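*Asks:* Here's a structure for you.
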Amino acid sequence: MEHQKTSKQLLGELLDKHYADALHAKAEGKPVAWSTSIAPQELLETMGIHAVYPENHAAAIGARKHAQEFINHSEGKGYSVDICSYARVNLAYMDIQQCEAANIPLPDLIFCCNNICNTVIKWYENIAKELNVPMILFDPPFNHEYEISDQNVKYIKAQILHAITRLEEITGQKFDYDRFREVMKISSETSRWWKKASLLACAKPSPLNGFELFNYMAIIVCMRGTKEGLELFKLWHDELQEKKEKGVGPWKDGEEKYRVMWDGIACWPYLGDTYKVLKKYGINMVTSTYPDSWYIVYDENDLDGMARAYSSNYVNRNLAFGTDNIIGIVKDFQLDGIIYHSNRSCKLMDFRQFEVQRKVEASTGVSSVIFDGDQTDPRAFSLAQFETRIQALVEMMEAKKRMGGAFYE
Amino acid sequence: MSKAMSLISELAYAGQRPKDSILKAMNETGKKSVGCFPIYTPEELIYAAEMLPVGMWGGQTVGTLADRYLQGFCCSIMKANTEQALLGQYDFLSAVIVTAYCDTLKCMIENWKIASPQLNLIPMVYPQNRKIPAGKEYLRDEFLRVKKELERISGKKITDQEIQKSVDLYDEYRRTMQEFSDLVKDYPDMLKAKTRHLILKASYFMDKRIYTEKVRELILELSKLPRENAFGRKKIILSGLIAEPDGILDIMTENGMVVVADDLAHGARQFRTIAPDTGDGLNRMVERVAMQDGCAFLYDEKKTRAAMLIQMKEKYQADAVIVCQMKFCDPEEFDYPIIKKELEGAGIPSLYIEIEQQMDSLEQLRTRIQSFSEMLA
């Protein structure tokens with residue numbers, strides 16, 4: 001009865017399988033890698049190395065409200081309360097190795113790409129040191145120019161080739177370029193369907209309740225290079241397409257009054273709480289910066305294209321690009337508002353937020369608020385303060401609607 | 001006053017008054033100056049362009065202008081730099097080089113383009129994979145790109161020979177600083193912790209050739225004097241980003257401590273690695289970056305910093321390590337638990353102090369440093 005599964009069911013099954021497969025691989029003595037979330041997993045998939053994703057795992061621990069015990073452990077080891085909470089959770093998991101939320105095997109290899117932040121270099125260095133395992137680093141330079149320079153592409157491409165050599169050395173196996181080509185093709189295709197599905201939220205009302213993006217994201221992170229991942233996003237797309245055609249909105253029991261974007265990472269320990277506050281005011285978070293973050297698309301066998309794609313995610317781009325990106329989102333999704341998460345864990349996202357907010361507002365007139373929170377540290381968020389900020393946003397959006405909406409409309 | 005003492009006061013004075021010292025150096029040499037953000041910049045190229053590289057490591061300015069760009073949990077050095085830029089205090093600089101070693105610095109590049117367009121910002125990215133051929137090639141390309149920018153600002157072509165000469169000068173500066181730093185243990189009264197810090201700090205605000213000559217002279221003068229009695233002092237190694245506010249150094253002195261060596265980004269990390277003598281000037285600069293280890297801002301797969309501190313402890317017969325943790329400095333914060341574990345494993349006492357550059361009260365730190373000192377006694 002396979003064909004009757006909903007994408008949501010499939011999502012749950014795939015995630016369970018992802019974790020189970022990794023544990024199984026480890027038990028059989030096969031190598032396991034810990035990888036950052038936007039790393040060239042194509043290389044690992046080609047080599048048959050099981051990758052697990054500490055960011056994803058830490059988010060899962062947070063969402064199931066287990067983060068605090070891990071955070072306490074890390075802070076006890078001397079980790080500052082001011083560093084990324086994903087890192088604090090994961091570095092503790094490395095010692096504790098047990099959580100009800102989900103378990104991952106310890107790595108034989110560290111696979112780190114700092115296109116998402118330089119913090120991961122430090123975090124992963126520590127894992128490699130503590131567990132005495134090799135580390136492969138991909139270093140896509142920060143793009144302070146608007147476009148990605150050829151100089152950067154050349155360096156990243158050479159690092160991909162260098163990583164292949166290192167993987168061959170570490171595993172003692174030859175790299176299979178035919179398999180690589182196939183994985184490249186699947187990975188790009190999965191990315192395309194991920195984005196295609198998420199773009200259906202441009203419809204008014206949006207068939208997508210955007211908090212689902214946070215759930216489906218787990219698979220675009222963990223299974224981007226697999227056929228199962230690809231199939232999931234096709235199915236999700238088709239379901240949303242059907243809802244869109246029927247004019248069905250995000251909720252059965254409520255109407256989409258306002259459409260907003262969420263800038264930054266979710267507050268995992270308060271995912272349900274933040275969702276409920278928004279829904280209470282008829283706010284549908286139709287999109288975030290996530291759909292583009294995993295839009296890693298290039299032609300198969302095009303290593304230059306692959307290098308460019310891995311350097312292209314918005315946090316690795318300059319402020320002008322980031323601003324234009326959000327202005328485009330405001331228009332494409334016909335947004336009423338933006339919720340900026342000033343996330344204690346993520347300085348790279350935070351320290352450009354004020355200027356981006358000003359520029360986006362000047363260009364589009366869209367209303368916005370910034371709230372203080374954290375991706376996985378439950379202590380750094382107050383639900384009451386969050387709701388107050390959201391009430392302010394509603395007042396601004398309402399006033400703007402009365403005045404005829406934002407400039408772009 | 002002895003010749004040594006007068007050189008010490010002159011250098012410490014220069015270190016204490018950044019802007020006056022830079023303006024004086026510009027006046028004396030007729031050179032333009034280029035601001036250099038932490039952690040490392042290609043100062044050799046600036047010098048080869050006949051301009052003065054000057055350090056931008058925060059200051060005592062506190063205000064609210066920087067709040068337009070940065071949240072409260074941003075490192076105090078970057079906040080101070082931004083505040084000072086918005087106050088126009090850097091307008092005498094012809095350009096500013098901002099690097100991207102950490103996430104905060106990446107954001108500084110972007111904010112400063114908007115906040116201070118008059119400062120001729122030159123963003124620069126050092127490769128983290130600096131030991132592999134691709135990383136070295138990338139760094140050379142970055143140096144060439146920055147060189148072009150510097151030529152535009154100075155209006156002068158930089159020749160290969162000038163780079164070579166500049167790298168030679170920087171080698172000489174670095175060797176001199178190593179020698180100077182090693183002398184401190186023998187002159188704990190003349191080179192108290194704060195004095196040592198200010199002398200090192202002066203290097204950021206003076207012409208490197210003149211500075212190096214002065215320090216060389218100081219070394220010579222010191223060698224003529226008998227060693228001071230260091231009996232009963234606690235020999236300390238400082239680690240971290242920077243030992244400021246420098247009041248903490250006075251507290252160390254008051255508690256019988258001598259800084260015999262440091263692993264500070266603002267201090268010895270600037271001079272502990274000498275360029276190898278291979279290839280042209282740019283190549284020597286590239287290879288030097290590739291060789292440098294034990295720094296929180298440079299990817300180090302083997303994470304050798306703690307091992308290096310343990311070696312330093314042996315070399316200098318130090319009693320303890322004090323980690324000066326600049327609050328909100330992620331790279332340093334990530335290194336600390338590993339350092340703590342390895343120092344403990346080696347039986348080396350260490351003290352962790354969390355600082356902000358402009359903190360008002362040092363009383364809590366005073367108590368901790370005092371207790372630590374008593375524990376060492």
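The values are calculated or read from the model by the stated rules, or taken from the named source; none is laboratory data. Keep in mind that this is a model prediction, so the values were computed, not measured. Cβ coordinates were reconstructed from backbone atoms using ideal geometry, including for glycine residues, and neighbour counts include every protein chain displayed. Note: accessible area is taken over every heavy atom of the protein model, side chains too, but ligands, DNA and RNA are not part of it. Shrake-Rupley method; radii C 1.70, N 1.55, O 1.52, S 1.80 Å.
*Asks:* If you fit an axis through the alpha-carbon atoms of helix B:76-86 and take the longest principal axis of the Cα set of chain B, what angle between them do you get, 0 to 90°, nearest 10?
*Replies:* Here the helix axis deviates by roughly 40 degrees.
*Asks:* With everything on Cα atoms, drop me the angle between helix B:193-202 and the longest principal axis of chain B, reported from 0 to 90° to the nearest 10.
*Replies:* With rounding to tens, the tilt is 10 degrees.
*Asks:* Can you name the helices of chain A, as whole DSSP H runs, whose Cα span along the helix axis is 20 Å or more and whose Kyte-Doolittle mean is not below 1.0?
*Replies:* Going by DSSP H runs, there are no hits.
*Asks:* Going through the stretch A:215-277, which trypsin sites (Lys or Arg not before Pro) have at most 12 other Cβ atoms within 10 Å and a DSSP loop state?
*Replies:* A:LYS246, A:LYS252
*Asks:* With +1 on the Cβ of every Lys and Arg and -1 on the Cβ of every Asp and Glu, and nothing else charged, how large is the dipole of chain B about its Cα centre, in debye rounded to the nearest 20?
*Replies:* 400
*Asks:* Quick check: at a probe of 1.4 Å, how many percent of the accessible area of the protein assembly as shown sits on carbon and sulfur atoms?
*Replies:* The nonpolar share, carbon plus sulfur, comes to 51 percent.
*Asks:* Nearest 10 degrees, 0 to 90: what angle lies between the long axis of helix B:103-115 and the longest principal axis of chain B (Cα atoms)?
*Replies:* Taking the Cα atoms of chain B, the angle to B:103-115 is about 50 degrees.
*Asks:* Ok, one more. At 1.4 Å probe radius, can you tell me the per residue accessible area of the protein assembly as shown in Å²?
*Replies:* 36
*Asks:* Full-extension gain between B:ASP280 and B:MET375, please, as 0.36 nm times their residue separation minus the C-alpha to C-alpha distance.
*Replies:* Taking 0.36 nm per residue and subtracting the Cα distance, the gain is 29.1 nm.
*Asks:* Work out the FRET efficiency for B:GLU151 and A:ASP299 from their Cβ-Cβ distance, taking R0 = 35 Å, and round it to the nearest 0.05.
*Replies:* Working from the Cβ atoms, E equals 0.35.
*Asks:* Work out the length of the dipole vector of the stretch B:242-302 about its Cα centre, built from +1 on the beta-carbon of each Lys and Arg and -1 on the beta-carbon of each Asp and Glu, and round it to the nearest 20 debye.
*Replies:* 220
*Asks:* Let me know the charge dipole size of the protein assembly as shown about its Cα centre in debye, to the nearest 20, where only the beta-carbon of Lys, Arg (+1) and Asp, Glu (-1) is charged.
*Replies:* 760
*Asks:* Something else now. Once R0 is set to 51 Å, what does the formula 1/(1 + (r/R0)^6) return for the Cβ-Cβ distance between A:GLN385 and B:LYS341, expressed as a FRET efficiency to the nearest 0.05? Spell out each step's value before the answer.
*Replies:* Working: r = 37 Å, r/R0 = 0.73.
That pair, A:GLN385 with B:LYS341, gives E of 0.85.
*Asks:* Also, quick follow-up: Along the stretch B:332-347, what does the Karplus equation 6.51 cos²θ - 1.76 cosθ + 1.60 (θ = phi - 60°) give for ³J(HN,Hα), rounded to whole Hz, x for Gly and Pro?
*Replies:* 3J(HN,Hα) across the stretch B:332-347, in whole Hz: 5, 5, 6, 6, 4, x, 6, 4, 4, 4, 6, 5, 4, x, 8, x.
*Asks:* Need one value for A:113-119: mean number of C-beta atoms belonging to other chains within 10 Å of its residues' C-beta atoms.
*Replies:* Mean partner-chain Cβ count within 10 Å for A:113-119: 4.
*Asks:* Along Cα→Cβ, 7 Å out, is where each label goes; now give me the distance between the ones at B:GLU172 and B:MET359 in nm to one decimal.
*Replies:* If labels sit at B:GLU172 and B:MET359, their model points lie 4.0 nm apart.
*Asks:* If I model a spin label as a point 7 Å beyond the Cα along the Cα-Cβ vector, how far apart are those points for A:LYS8 and A:GLU242 in nm?
*Replies:* That separation, rounded to one decimal, is 1.3 nm.
*Asks:* So, one more: Please identify every one of the trypsin sites (Lys or Arg not before Pro) in the stretch A:46-108 that sits in a loop by DSSP and has no more than 12 other beta carbons within 10 Å of its own beta carbon.
*Replies:* none
*Asks:* For the residue pair A:GLN98 and B:ARG227, what label-to-label distance in nm results when each label sits 7 Å from Cα along the Cα-to-beta-carbon direction?
*Replies:* Placing both labels 7 Å beyond Cα along the Cβ direction yields 5.6 nm.
*Asks:* Something else now. Among the GluC sites (Glu not before Pro) within the stretch A:49-104, which fall in a DSSP loop and have no more than 12 other Cβ atoms within 10 Å of their own Cβ?
*Replies:* Loop-located and lightly packed - A:GLU100.
*Asks:* Show me you know the interface measure: the accessible area buried between B and A, both chains summed, probe 1.4 Å, in Å² to the nearest 100. Display every interim value, and only then the final one.
*Replies:* On the way: alone 16000 and 17260 Å², together 28530 Å².
Approximately 4700 Å², summed over both chains.
*Asks:* Got a sec to turn the phi values of the stretch A:372-381 into Karplus ³J(HN,Hα) couplings, 6.51 cos²θ - 1.76 cosθ + 1.60 with θ = phi - 60°, whole Hz, x for Gly and Pro?
*Replies:* Whole-Hz 3J(HN,Hα) from phi for the stretch A:372-381: 8, x, 8, 5, 9, 8, x, 6, 9, 8.
*Asks:* Just want the answer: with Cβ charges of +1 for Lys and Arg and -1 for Asp and Glu, which residue in B:HIS197, A:GLY337, B:GLY59 is farthest toward the dipole's positive end in the protein assembly as shown?
*Replies:* B:GLY59
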